[in-house]
Amino acid sequence: MFIQRGYRTKLGDIHAPIKIDFHIAGPSEYDISCFGVDKNELLYDDSYMIFYNQLKSPDGAICMNGTSFNVNLDKLPSDVVKLVFTISIDGDGTMGMIHQINVKLSQLHQEDLVLNLTGSNFKDQKAIIAIEIYNKNEWRMNAVANGFNGGLSQLLKAYGGVEEEDVQAIPSTLASPISVIPTPTSKVSLEKKLEKNAPQLVNLAKPLKVALEKNKVPDIVAKVALILDISGSMTKIYKNRTVQSIVNKILPLAIQFDDNEELDFWYYGSRPKRMEAVTMSNYYNAVPVNYKPLMESLGYGNYEPAVMREIIEEYRTSSIPAYIIFITDGGVGSKREIKNLMIEASKYPIFWQFVGISGFGYGILKQLDTIKDRFVDNANFFALDDFNKVTDDELYDRLLKEFPSWLTEAKNKGIIR
């Protein structure tokens, strides 16, 4: 069913997922976004601004995939009473230059609703408020189709968010530089997130905050991944649950950096295995009490290059930086392979923080600073005599010591912007 500007209707079964597809034809780059707002028409939380660098809300109620949104109204917090779907232009130009916009709302067992627009509807505006899904005693849809004079930043401000000063793009010789985007300063604090969702970890918020400030780590969006050695020599620290403690202490870093508040997670022995992402709802059983079947299935050795290749493949085209924390107890071989992989990865938006625990024989990991032919210095290593005896302040300080300098160098070389 084709609809016009101003068309309103009650939605069907609100328990059924909703899909909203955007098809835009024009000479410029266009960004689509969704703002989850409260009764005061203000952004409920910065995590409910869904756009190219924050692809889903924490509860999974709003998910963006390419130029489509999937919405599950049942999962939304009760204070989110409206979802506003927008289109903004990236760079010069106006919405008047656009050839055609097609916005389709699909819902199970309901007729599709299709809104067609052209640039003649908008003239000099830089953005469009396309449609709204709102709750007024019942969930309804409104085809707004109104122009907006500002771009994405101004849309954010209009809904009560505050954006930091934009980072200037740096000329690059690489094909696809990525962005360290500005983030709203109205962000819910890490401490409040942990208090609400993982109170057992709330004591980690303060030492992490101190380390972030001490090392002048910028407020960025980044993926965080944890790579855990599960070779036979790690048996003791799996048995005494030290490894679970490692997961607990790394998760707050992911919550701080990752807009999805998820820690990507791999085990590796002779072979690697990617696991379910670690979150505030499942972290406490990320390391199985009966770890032996997993250890056996991955082999009792440790072959770092295999998992490193998976990491490179996963993040080499990432639109945001990837911060990799790689835990091993030593016995590191494959010097030539690791060296070549580090050289290859130096052109990608990946920073490697290797940490040795309770072991020896770290091999090339102790020589990372001497690896030549890298595009940037993309790695750091330090060893701990006993993970359980290191204070949280020292741990976070050491984890974050070289990450900011990599961000700066990678930005200067055009890997990120």
- Message: I'd like the accessible area for Lys10: 1.4 Å probe, protein heavy atoms, all chains in place, Å² to the nearest 10.
- Response: 120 Å²
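Only Lys, Arg, Asp and Glu count, each charged at its Cβ (+1, +1, -1, -1), so figure out the dipole size of the stretch 229-309 about its Cα centre, rounded to 20 debye.
500 debye
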- Can you tell me the dipole magnitude for the chain around its Cα centre, using point charges on the Cβ only (Lys, Arg +1; Asp, Glu -1), in Debye to the nearest 20? 460 debye
- Item | Accessible heavy-atom area order of Cys63, Cys34, highest first, probe of 1.4 Å | Cys63, Cys34
- Task: Among DSSP beta bridges whose residues both lie in the stretch 260-360, state the antiparallel percentage, nearest 5.
- Result: 35 percent
- Percent relative contact order of the chain, based on C-alpha pairs within less than 8 angstrom and at least six residues apart? 14 percent
- Message: Cut-off under 22 Å on the C-alpha distance; same-chain residues fewer than 8 positions from Lys413 excluded. Which lysines are left, in chain and number order?
- Response: Lys216, Lys223, Lys339, Lys347, Lys372, Lys401
- Task: Could you provide, to the nearest whole Å², the per residue accessible area of the chain with probe 1.4 Å?
- Result: 45 Å²
- Note on the structure: With the charge dipole of the chain built from beta-carbon charges (+1 for Lys and Arg, -1 for Asp and Glu) about the Cα centre, the Cα from Val287, Val80, Asn240 projecting farthest to the positive end belongs to Asn240
- Message: With a 1.4 Å probe and all protein chains left in place, how much of the accessible area of the stretch 274-342 comes from carbon and sulfur atoms, in whole percent?
- Response: 49 percent
- Go through Lys19/Lys192; Lys19/Lys136; Lys192/Lys214 and tell me which ones have a Cα-Cα distance over 26 Å in this structure. Lys19/Lys192
- Of all DSSP beta bridges in the chain, what percent run antiparallel (nearest 5)? 65 percent
- Query: Got the relative contact order for the stretch 1-105 handy, in percent, Cα pairs under 8 Å and 6 or more residues apart?
  - Reply: 39 percent
- Task: Towards the positive end of the charge dipole of the chain, with charges on Cβ (+1 Lys, Arg; -1 Asp, Glu), say which of Gly160, Val103, Leu298 has the farthest Cα.
- Result: Leu298
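The values are calculated or read from the model by the stated rules, or taken from the named source; none is laboratory data. Since we're looking at a predicted model, the values are computed, not measured. As a convention, Cβ positions derive from the backbone with ideal geometry for all residues, glycine included, and neighbour counts pool all protein chains shown. Accessible surface is based on the protein model in full, side chains and every heavy atom, while ligands, DNA and RNA are left aside. Shrake-Rupley method; radii C 1.70, N 1.55, O 1.52, S 1.80 Å.
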